[in-house]
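Every number in this text was worked out from the coordinates using simple rules, so none of it is lab data. The structure displayed is predicted, hence computed values, not measured ones. Note that we place each Cβ from the backbone using ideal geometry, even for glycine, and neighbour counts take in every protein chain shown.
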Amino acid sequence: MVAAPPSGAALLFHHLLYRWVPTVGRHTFLICRHQQPASGRLYQSACMPSTALIQNDIVVFGLIAATLGAVFWTASREQGLWKRFYTFVPALLLCYLIPGIYNTVGLIDGQNTKLYNPIARDILLPAALILLTLAVDIKGILRLGPKLVLMYLGASASIMLGAVVAFLVMRAIHPDTVAGDTWAGMAALAGSWIGGGANMLAMREVFDVNATTFGQFAVVDVGVGYVWMAALIFLAGRAAKIDARSGADTSAIDELKERIARFQAEHERIPSLTDLMLIVAVAFGGVGLSHAIGAPLAAWFKANVSWASQFSLDAPFVWVVVLSTTLGLSLSFTRARNLEGAGASRLGSLLLYFLIACIGMQMDLLALLDRPWLFLLGLIWIAVHIVLLWCLGKLLKVPFFYFAVGSQSNIGGPASAPVVAAAFHPALAPVGVLLGTMGYATGTYLAYIVGITLRALAGQG
């Protein structure tokens, strides 16, 4: 029996009851839900219109721009309260969290806006990738060595093991959490955390995940994933201290950053209007070209290649990311690289900050209160991932950057991995992209293994 929608004070927290639940650069699911008074269970219902105070996307854009400006202005203060404040709190973290607070209190509706999808995800992200890879040092990235790939693979393995540990722990302390088809929802979440949205949807179809269960794990995906991303951004500002304490060899990363800085210094100039127009032309012309090729390419693979979905080759977004990155890398071998001296990577970083804010404004700090035990399951799961990956990093004596980008490349994917990588240095953003796209190829297979394992543990195999 379907109860009537809540009223009164509950409507003040509509964002807890009626939500679009997207993940970072991966997928968007409509989860319209409220609590049944008798049981507290969540169920699907018709969507209610957004009750956010600001519903005009143009106004929201202005608010986000003003917020970013305020953060950067205060962060530039060289003395006083703000100087002390930003010693402990990175500006990048505020660019992420403040829009999340706007969404949580109902000032904006970050889920029902086009600012993230399609504007930030489909336009600003590929444009940023082109500009940040324009002056990339391919040789320098290759010198980062195989340990980076090992950390990525270790992250995938730790996510798989974390699923099993979280299931067993929750079965011991709160059996109701893992009752029923929870195992199937966990398989879908494993697809997202190893690969992306396409992999998550594939697991939904393979294991026939209930719509409500699927939606609840989409919320866990967002909540836990965003918290971890925020933590990585915060720790990026302390990477030097962490590496000094662990004795990690950061020479390859330092050399890459120095080479990029040296190239910038040699070619730096006051940009003319022509320079700026060329930068914009390369960035957004490349975005248009990537979409023009990516959409029909994805459609062709979907129609003609039977295994395309297993590798997400039928997803236009995958091709847009791949093509824009490839275009930027290709231009790095041409005279277009000299645009770096006119500020190409700075503009790319600016676009990334807007992307960060648009990601952050989808975050609902209170959404997981609907089913807190699932939140605990997700926290245990990601805690196992963190501990195991950290131990692997200690064993290999890798820099903290390897740990951070290896983790986020799995948990967040190609849309958020470059954000975390750029928190260390803009020159490192392409590393996040390259690793982030690897999960699309492996996510379905590894998540399937997680699914059949959990099904057996649940006694339904």
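For the pair SER272 and TRP82, label points projected 7 Å from Cα toward Cβ lie 3.5 nm apart. Taking other C-beta atoms within 10 Å as the exposure proxy, ARG204, ARG238, ARG346 rank ARG238, ARG346, ARG204 from fewest upward. FRET efficiency for the TRP390 to ALA292 pair, using the beta carbon distance and R₀ = 60 Å, is estimated at 0.90. Here the simple spin-label model places points 7 Å from the Cα toward Cβ, and for TRP73 and TRP300 these points are separated by 5.0 nm. For the peptides 252-260, 428-436, residues were scored by their other Cβ atoms within 10 Å and the scores averaged per peptide; the highest-first order is 428-436, 252-260. Listed by chain and number, the lysines whose alpha-carbon sits under 21 Å from that of LYS257, ignoring those within fewer than 8 places in the same chain, are LYS139, LYS147, LYS241, LYS397. The simple Förster model, with R0 at 22 Å and r as the Cβ-Cβ distance, assigns ARG171 and ILE449 a FRET efficiency of 0.70. How many angstrom separate the Cα center of segment 220-292 from the Cα center of segment 306-359? Their Cα centres are 12 Å away from one another. FRET efficiency for the LEU366 to ASP57 pair, using the beta carbon distance and R₀ = 22 Å, is estimated at 0.40.
Footprinting exposure proxy ranking of SER409, SER156, fewest other C-beta atoms within 10 angstrom first, gives SER156, SER409.
Neighbour counts of other Cβ atoms within 10 Å put MET277, MET438 in the fewest-to-most order MET277, MET438.
Measuring between their Cα centroids, segment 92-126 and segment 386-428 lie 23 Å from each other.
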